[in-house]
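Asks: Just passing along the structure, written as structure tokens.
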Amino acid sequence: MPLVCCNFSENRININLYPRLKLCIEYIITIICWGLQTRVYTIIFLILGRVAWKQKQYRYSVYVYPHIPAELLEAHLYIQRSPKLVLHQSKPDCIYDEILNNTDPRLNWEASKKIDDFSANGLVNGSYAPEHCNALFSVAIIVPFKNRHRHLDIFLPYMHNFLRKQDIHYRLYVIEQQDEKIFNKGILFNVGVKTAMLHKFPCIILHDVDLLPLNTTNLYVCTNEPRHMSIGIDKYRFMLQYEDLIGGVVALKTEQYVAMNGYSNRFHGWGGEDDDFYHRLAPQKLTLVRSHVEMTRYTMLGHPQERLNSNRYKIMRDNNKRGFIRDGLSTLPNVSARISNHPLFTLVGVQL
Ligand code: UDP
Ligand code: BGC
Ligand code: MN
């Protein structure tokens, strides 16, 4: 027993120490080696586990999915301006052919990722309308936000550079949850759409703050049917994660959002609220459309995974069973919402 060597008792005082010491050292080395080996096995096990999990996710991902062919997209566009947009009789209507028919859909301009060297030309409270023509589309872009300032600083200049080239009338709303409670994306979207309705926007785009569009042909307007826009995200190898996915970036008519009773107010934390929103389409006889992935690539800014909402499947089942009329835009809880204007965005500060 090697431990004997560390436990000298009186009657062992004459024992030759050397072989025991050697044995003791060997024993310690064995323990260290065993510990290291276990660590190595654990690390290998964790790596294999992660690879298997990723492969499982990619099994459901698709690159080819039903979509509106590029040449037919124009016929699907929902042409509607906000009555608040001031039109100039002397100017022609804007033309969108160049964007839609761009044969080189890759990003072909340098979008600044720094807020400091960005010019806010033409922007008032995050709103923009082209000078040289009358826009045919008015779009409210609604960004749910909490504690992602690093992303917002990149998102704002990038998006304005991207959008100002599209000759559309748009306004960017940042809906910020300003309390310490768990993030609730659904409530923020509902508050955001209500605000956009005050400004009479006929079309809304619900937009994650960490997604940046990469294709110039990705026109930020509504189609007649709700349209999922963030299909090919670099994080997911530019593949659609699953066919029912509606999260990320989605464009729909304001009246469709109202008919669907908006987003659920019941999801706190990560996951499920967008799947619940997807389930609200069918009862309104709406189907989700998409454009070709070559027109709808995005890059996602890095961030750690948010805390999962372990109740998400239960709430989804519950809402599916009870119908969506009891939970949504019409039952928005009494939250405090303060609107304030900044050059690059309209801020709606929300306290749940
Ligand atoms: N978000 C936020 N703060 C949070 C969690 C989410 O601002 O603490 C917003 C943000 O717009 C983000 C979006 O909700 O892009 C989606 O959340 P997240 O990026 O965590 O989910 P993912 O789509 O990456 O799984
Ligand atoms: C979640 C959604 C999320 C999607 C893509 C689903 O499992 O429920 O909320 O958008 O995964 O990450
Ligand atoms: Mn994200």
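Asks: When the range 261-301 is examined, which residues are found to be touching a His at 6+ places or on another chain (Cβ under 9 Å) and either outside any helix (DSSP H, G or I) or small (Gly, Ala, Ser) (or both)?
Replies: Answer for the range 261-301, where residues must be touching a His at 6+ places or on another chain (Cβ under 9 Å) and either outside any helix (DSSP H, G or I) or small (Gly, Ala, Ser) (or both): Leu288, Val289, Arg290, Ser291, His292, Thr296, Leu301.
Asks: Right, something else. Assuming Leu288 fulfils every condition listed in (1) more than 16 Å from ligand 2 (Cβ to nearest atom); (2) among the hydrophobic types (A, V, I, L, M, F, W, C); (3) in contact with a strand residue (DSSP E or B) (Cβ under 7 Å, 6 or more places away or on another chain); (4) within 27 Å of Ile79 (Cα to Cα) apart from one, which condition is it?
Replies: (1)
Asks: Looking at the range 1-36, which of the residues that are part of a helix (DSSP H, G or I), of a type outside the set (Asp, Glu) and modelled with pLDDT under 50 is surrounded by the most Cβ atoms within 10 Å (Cβ to Cβ)?
Replies: As a first pass, look at the range 1-36 and keep what is part of a helix (DSSP H, G or I): 2-6, 10-12, 17-36.
Checking which are of a type outside the set (Asp, Glu) leaves us with 2-6, 11-12, 17-25, 27-36.
Retained after the next criterion (residues that are modelled with pLDDT under 50): 2-6, 11-12.
Values: Pro2: 14, Leu3: 9, Val4: 13, Cys5: 18, Cys6: 11, Asn11: 7, Arg12: 12.
This residue is Cys5.
Asks: Right, next: Just to check your reading of the model, which residue among Ile154, Ile175 is modelled with pLDDT under 95 and of a type in the set (Val, Ile, Thr)?
Replies: Ile154
Asks: Here is a list: Cys94, Cys133. Which entry is surrounded by fewer than 17 Cβ atoms within 10 Å (Cβ to Cβ), within 24 Å of Asn224 (Cβ to Cβ) and modelled with pLDDT of 95 or more?
Replies: When all the criteria are applied, what remains is Cys133.
Asks: Would you confirm whether any residue within the range 170-190 is buried (at least 22 other Cβ atoms within 10 Å of the Cβ), more than 15 Å from ligand 1 (Cβ to nearest atom) and either of a type in the set (Val, Ile, Thr) or in a loop (DSSP other than H, G, I, E, B) (or both)?
Replies: no
The values are calculated or read from the model by the stated rules, or taken from the named source; none is laboratory data. Quantities reported herein were computed from a predicted structural model and do not represent experimental measurements. Neighbour counts are summed over all protein chains in view; Cβ atoms, including those assigned to glycine, are modelled from backbone coordinates with ideal geometry.
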